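Following: one structure in structure tokens, then a few remarks.
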Amino acid sequence: MGCPQAMMSSVVGLATACFVMTMTMSSALAASSNVRPAAKQVPAMYVFGDSTVDVGNNNYLPGDFPRADKPYYGVDFPGGARPTGRWSNGYNIADFVAKSMGFKRSPPAYLSLTRASRSRRLLILRGLGGVSYASAGSGILDSTHAGKYIPLRKQVRYFGATRAGMVATLGATAANDLLSKSLFLISTGSNDVGVFAAAAAQQQQQFPLPSDVVDAYYSSLISNYSAAITELYGMGARRFGIVNAALLGCTPSARALSPAGACAAGLNALAGGFNGALGSLLAGLPRRLRGLRCSLGDLGGLMQAATVDPPRAPDGGPWNVDSACCGAGRLGAQGGCQPNSTLCVDRGRYLFWDSSGHPTQRAAQLVASALYDGPPEFTAPVNLKQLTTQE
């Protein structure tokens, strides 16, 4: 089975938002089950991308830059409050996707494995459980926050080291068989779009930006994304769960720039244009990469749906879709999530955990549920359940 046609239209300007939803968030979630542990559907899960799926790699990087290694990050982490490197009050999207695959939570951060038990390392060498290479702040391009985080190309190189260990332990045939049955989850692109938009704003360029400039940037992103997927395919990956860019213009920090607290339509348009280009890429890859299968999850569309028609909180109350649960000042966007930040009490009612727009644990659960067995409005051509259980 191939990959989807473009799920989003290209940039057309600022007059309207770039996502057109045919289902509300509430009806979409009604059509999908709650994420829950099940018999393991894949031997392992390998995770690549940014802060939406990072489980702590940045904690092991040298240098002085933001990390999710202090309260209130992790205040609701299952099993005991503690900051783990996840940009959330608890679990993130990768954790809930892993749970849907039958695992306890996301596989461990690659850079943490030097401290892992021998039994854990042996399981990984046997192709079981998986590894997370994701790094908050990273992008598709090496130039996105250059030198600070682990860009996608380096994450793929780290996976190559993991695979080499598997081949040495199991042999190439057995390793490739396990990898072909495993899930490769990739969630990246938002930081690239954000950095591009920020550079344009710094240069006082007006939105919409010139189409030739935007198209050239998309081309660079898609070329590098294609190279990463192709390289993983060459190392045995066959089942890809791809998550597109977030609705960047509706994060608390973006809304705070508007006196009315409105979404930044120009930023949303840029993200939507990237998502359209990504969809087109994935539609064509199976024609040259035989046996590749994928599920494209529409994170941007899910966020748009939540903004237009917020789902109900567990207690039946309304959701907050514009403010950060942990922050300071207007919309919680005038400060990061720190030990002295204002912390919301009803965290099950918030879409955003911090000013940057990272989802709360509850929001991540709802997104992962829709990605796992949600409707085709948000996953195409198949959802993650179909990707991993159907041949």
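The values are calculated or read from the model by the stated rules, or taken from the named source; none is laboratory data. Worth saying up front: this structure is predicted, and the values here are computed from it rather than measured. Note that each Cβ is placed from the backbone with ideal geometry, even for glycine, and that neighbours are counted across all protein chains shown.
The set of residues from the stretch 129-152 being surrounded by fewer than 17 Cβ atoms within 10 Å (Cβ to Cβ) and either modelled with pLDDT of 95 or more or among the hydroxyl-bearing types (Ser, Thr, Tyr) (or both) comprises Asp142, Ser143. Is it the case that some residue within the stretch 234-255 is over 24 Å from Arg349 (Cα atoms), crowded, with 18+ Cβ neighbours inside 10 Å and among the β-branched types (Val, Ile, Thr)? Checked against the condition, which is being over 24 Å from Arg349 (Cα atoms), crowded, with 18+ Cβ neighbours inside 10 Å and among the β-branched types (Val, Ile, Thr), the stretch 234-255 yields at least one hit. Is it the case that the stretch 87-104 has a residue that's of a type in the set (S, T, N, Q), over 25 Å from Lys40 (Cα atoms), surrounded by 15 or more Cβ atoms within 10 Å (Cβ to Cβ) and touching a Leu at 6+ places or on another chain (Cβ under 8 Å)? Looking through the stretch 87-104, none of the residues is of a type in the set (S, T, N, Q), over 25 Å from Lys40 (Cα atoms), surrounded by 15 or more Cβ atoms within 10 Å (Cβ to Cβ) and touching a Leu at 6+ places or on another chain (Cβ under 8 Å). Summed over the stretch 197-218, the residues that are within 30 Å of Gly160 (Cα to Cα), free of Cβ contacts under 8 Å to residues at least 40 places away in the same chain and under 21 Å from the mean Cα position of the chain (by Cα) give a count of 1. Number of residues in the stretch 67-118 that are aliphatic (A, V, I, L, M), part of a loop (DSSP other than H, G, I, E, B) and within 19 Å of the chain's Cα centre (by Cα): the value is 2.
Among the residues of the stretch 146-167, those that are of a type in the set (A, V, I, L, M, F, W, C) and without any contact (Cβ under 8 Å) to a residue 40 or more places away in the chain comprise Ala146, Ala161, Ala164, Val167.
Here Asp322 clears all of (1) farther than 21 Å from Tyr372 by Cβ; (2) assigned to a loop (DSSP other than H, G, I, E, B) except the condition numbered (2). Consider the stretch 69-90 and keep the residues that are in contact with an Asp or Glu (Cβ under 8 Å, 6 or more places away or on another chain) and among the small types (Gly, Ala, Ser). The one that is nearest to Lys104 (Cα to Cα) is Gly90. If the condition is being within 22 Å of Ala262 (Cβ to Cβ) and either surrounded by 16 or more Cβ atoms within 10 Å (Cβ to Cβ) or in contact (Cβ under 8 Å) with a residue 40 or more places away in the chain (or both), then the stretch 309-326 contributes Asp309, Pro310, Pro311, Trp319, Asn320, Val321, Asp322, Ser323, Ala324, Cys325. With respect to the conditions (1) over 21 Å from Thr52 (Cα atoms); (2) touching a strand residue (DSSP E or B) at 6+ places or on another chain (Cβ under 7 Å), Asn340 falls short on a single one, namely (2).
Considering the stretch 294-308, and only residues there that are of a type in the set (A, V, I, L, M, F, W, C) and part of a strand (DSSP E or B), the residue that is surrounded by the most Cβ atoms within 10 Å (Cβ to Cβ) turns out to be Leu296. The sole residue among Gly276, Gly291 that is surrounded by fewer than 21 Cβ atoms within 10 Å (Cβ to Cβ), touching a residue at least 40 places away in the same chain (Cβ under 8 Å) and part of a loop (DSSP other than H, G, I, E, B) is Gly291.
Out of curiosity, is Ala271 modelled with pLDDT of 95 or more and outside any helix (DSSP H, G or I)? Spelling it out, it is not the case that Ala271 is modelled with pLDDT of 95 or more and outside any helix (DSSP H, G or I). Mind checking which residues of the stretch 197-244 are under 14 Å from Gly266 (Cβ atoms), of a type in the set (A, V, I, L, M, F, W, C) and outside any helix (DSSP H, G or I)? Residues satisfying the conditions are Phe207, Leu209.
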